[in-house]
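S.K.: Take a look at this one; I'll ask things after.
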Amino acid sequence: MSYKRQLLAVLAVALAASSARAEGPTWWKAPLSENPGPKRAVDGVNGKLEGFGGGSEWLGFARLNNASAGGMGSIIAPVGDRFGFQVDAIAAAHRGFFVSGGAGHAFWRDPSVGLLGGYGAIAHDKRLDDTRFRVGAESAYYYGPFTLSSIAGYEESSGHFFTPLGYGPGYFAYQWQPRRGRFFDMFDISVYPTYNVKISVGHRYVGGRHAAALSGEALIWNLGHSAITGFIESRVGENDYKAVWGGIRIYLGESDKTLISRHREDDLPNWLKDDMFASQNSVRAGATPVFFPTLQQP
């Protein structure tokens, strides 16, 4: 299936889900901040800061050169009552090299139903001298303590190289990164066992490789308008790809609310962390048989 058809399928599911208004299962009692009247798409200008550290594996988990550490930030603002805009940024050291990026979200949201919007991002991996562009659609659906969040669309890499790896018995090995565009997607299915704890499982398809995504987040300190949470995330994917990191997030809002309410009334997910792995995911390796002529003895 082409990326265009995949994107249309994702959009169709998102539209169907967002058109079905539901308060949640009968046993679910919404937080007090969600009960009164209709909500704005974004509850005032707010922000989010994040610091993280961890490691990844392609050649060996937790080796020093596979460490990752950095920070991310987001600023979110309302556009009228039904629309919002969010700007994201990341700056990180990944496997000893600098990765940076930015993204923008423009969206319609009803905090009792979900959201639909557009997404665009750019990120640069210094190690592979690869600049990656993304454009796509974003959606979310809220059903009681459950949330389905996703983005999907088209990504294109400017990186392009061919590197010989050497000769072996009867073959020539090499590594390359094609300059090409492809479909991408990221989605999470989340549940809030309490108003201040979130557990997620999801999927990532970036750089042409699949990975499972697992994460958890819990409130550590409620400061009224602001809050501090701790989180841990992991990825397990193709090509023996593994990663894990943890850190803290600081939410800067305009009112006192629970974690689930902050996620539905304030900020959107910052998806840029997976750009640390997208360039490496798009690298391919191969081998070509090589035949050397033999010398005939006189």
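The values are calculated or read from the model by the stated rules, or taken from the named source; none is laboratory data. Here the structure is a predicted model, which means the values were calculated and not measured. Areas reflect the complete protein model, heavy atoms only, side chains present, ligands, DNA and RNA absent. Shrake-Rupley method; radii C 1.70, N 1.55, O 1.52, S 1.80 Å.
S.K.: Rank these residues by their accessible area, most exposed first, probe 1.4 Å: 151, 75. If you can, show how the numbers build up before the last one.
M.R.: Working: 151 5, 75 115 Å².
These residues rank, largest area first, as 75, 151.
S.K.: On to the next question. Aspartates and glutamates within cross-link reach of residue 198: Cα-Cα under 14 Å, excluding same-chain residues under 8 positions apart?
M.R.: By straight Cα distance, residue 198 reaches 188, 217, 233.
S.K.: For 223, 116, what's the largest-to-smallest order of accessible area, 1.4 Å probe?
M.R.: I get 223, 116, largest accessible area first.
S.K.: Just reorder 205, 154, 142 by solvent-accessible area, largest first, 1.4 Å probe, all chains present.
M.R.: Ranking 205, 154, 142 by accessible area, largest first, yields 154, 205, 142.
S.K.: By how many nm would the segment from residue 154 to residue 98 lengthen if fully extended, with 0.36 nm per residue of separation less the alpha-carbon distance? Could the numbers behind the result be given before it?
M.R.: Details: separation 56, 0.36 × 56 = 20.16 nm, distance 2.39 nm.
Stretched fully, the residue 154-residue 98 segment lengthens by 17.8 nm.
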